[in-house]
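> This is the structure I want to talk about, given as structure tokens.
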Amino acid sequence: MNSSRYILARIAAAFGIHRKNRRLSEAADEMHLLRQAEEILGEDTWEQTEGIEALNSEYWNLRKLQMSVGKLEKAIEEADAILQQSHDERNSILNHSNEVCQVIETERDELVRELEQLNAKRDKIVSRAQLVKRNFEASRTKVMVLTGEEDEGGSDHQEVIREERAKLSEYKASFDKLKKGREEVGVQISELEAKISELETQIETDRKRHREEASGAYQNIGKANRDKSKLTAEVGLLEAEMTQHFSEIGRYISNHAGTDPICTKICKEHAHLIAQMQTLHTSIALNHKLAAIADA
């Protein structure tokens, strides 16, 4: 929405053509773009905000989170190295297996790959269940706090409490469903492990050493996959938290250009992005103004 379109819309409004819903929809879309721009600005410039007192919390939290992510990424690289080493070891063992064992070993390998996928699936279920549990605890704590405030004569929170209790029921149902899913996958894993064990007993005695070495490699692969899955999930949570700080920083910088020297300098260095944000601010305001006219 620019000034020309605004004038045309005002003229249309004078003839009873308001399109309020369209204005509000455009404003919502533009607000989403603005939040994205704030996040981009914050991510690009947060390292320059150490001297801004109002952003001390965001800056140092990002420093801490960045350090944590770095450690986790290093751990992921180590898990990848172990995984690759284990795969190489397994492949070497399989290449030295005699032809008599090849058919059985090929069948076993297929089952092992399925087992790895099931282990990864179970790890994902466990990670999702942990997140649901965290949300459940947070919601339950919120209900306790709001109920306590009401008991002490505070504000009426009944509507919020009802909503949170509904969420608690949803969280519990989700958790139960995830638990059931984990148990079902566990049964499948047990069945596959049993089949793998049966096949391995068929391998000739002269290949027993290779089988035992392969078993160790498979265990390392499973553990490395679980470790990597867990570490990747932790990185995702930290990056989501960093995104929130980026948005806060970008919003502050764009709002304090001209009053804060550091913000002013940063905005000059990102003039194109700032111009786009200002355009979005103006357009959002004009769309809201037109929507308000429709209610007048």
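The values are calculated or read from the model by the stated rules, or taken from the named source; none is laboratory data. The shown structure was predicted, so the numbers you read here are calculated from the model rather than taken from an experiment. Cβ placement follows ideal geometry from the backbone for every residue including glycine, while neighbour counts extend to all protein chains displayed. Ligands, DNA and RNA are stripped out before the accessible areas are found, and what is left, the full protein with its side chains, is counted by its heavy atoms. Shrake-Rupley method; radii C 1.70, N 1.55, O 1.52, S 1.80 Å.
> I'd like the full set of residues that are of a type in the set (Gly, Ala, Ser) and modelled with pLDDT under 90, limited to the stretch 198-237.
Matches in the stretch 198-237: Ala214, Ser215, Gly216, Ala217, Gly222, Ala224.
> Whether any residue in the stretch 224-247 is farther than 24 Å from Lys64 by Cα and open to solvent by less than 30 Å² (accessible area, probe 1.4 Å) is what I want to check.
Among the residues of the stretch 224-247, at least one is farther than 24 Å from Lys64 by Cα and open to solvent by less than 30 Å² (accessible area, probe 1.4 Å), which makes the answer yes.
> Still on this structure: Between His272, His256, which is within 31 Å of the chain's Cα centre (by Cα) and within 21 Å of Asn56 (Cβ to Cβ)?
Going through His272, His256 in turn, just one is within 31 Å of the chain's Cα centre (by Cα) and within 21 Å of Asn56 (Cβ to Cβ): His256.
> Could you list, in sequence order, the residues of the stretch 256-296 that are modelled with pLDDT of 85 or more, within 20 Å of Glu53 (Cα to Cα) and open to solvent by less than 90 Å² (accessible area, probe 1.4 Å)?
Correct list: His256, Asp260, Ile262, Cys263, Thr264, Ile266, Cys267.
> Go through (1) open to solvent by less than 40 Å² (accessible area, probe 1.4 Å); (2) farther than 30 Å from Ile266 by Cα; (3) of a type in the set (S, T, N, Q) one by one and return the number of the condition Ser92 breaks.
Looking at each condition in turn, Ser92 falls short on (1).
> Which residue out of Lys167, Lys133, Lys177 is over 30 Å from Asn225 (Cα atoms) and surrounded by 12 or more Cβ atoms within 10 Å (Cβ to Cβ)?
Within the list Lys167, Lys133, Lys177, the selection yields Lys167.
> Okay, next question. Identify, please: which residue in the stretch 106-127 is of a type in the set (A, V, I, L, M) and either open to solvent by less than 30 Å² (accessible area, probe 1.4 Å) or free of Cβ contacts under 8 Å to residues at least 40 places away in the same chain (or both) and is, among those, farthest from Ser92 (Cα to Cα)?
In this case the residue turns out to be Ile125.
> Just one of Leu83, Leu72, Leu34, Leu24 is assigned to a helix (DSSP H, G or I), modelled with pLDDT of 90 or more and either out of contact with any Lys or Arg (no Cβ under 7 Å at 6 or more places or on another chain) or farther than 22 Å from Glu248 by Cβ (or both); which is it?
Leu72
> Just to check your reading of the model, which residue among Glu39, Glu50, Glu77 is at pLDDT 75 or above, under 21 Å from Gly236 (Cβ atoms), touching a Phe, Trp or Tyr at 6+ places or on another chain (Cβ under 7 Å) and open to solvent by 30 Å² or more (accessible area, probe 1.4 Å)?
The unique qualifying residue is Glu39.
> For the stretch 37-58, how many residues meet the condition of being outside any loop (DSSP other than H, G, I, E, B) and without any contact (Cβ under 8 Å) to a residue 24 or more places away in the chain?
Summing the residues that are outside any loop (DSSP other than H, G, I, E, B) and without any contact (Cβ under 8 Å) to a residue 24 or more places away in the chain in the stretch 37-58 gives 4.
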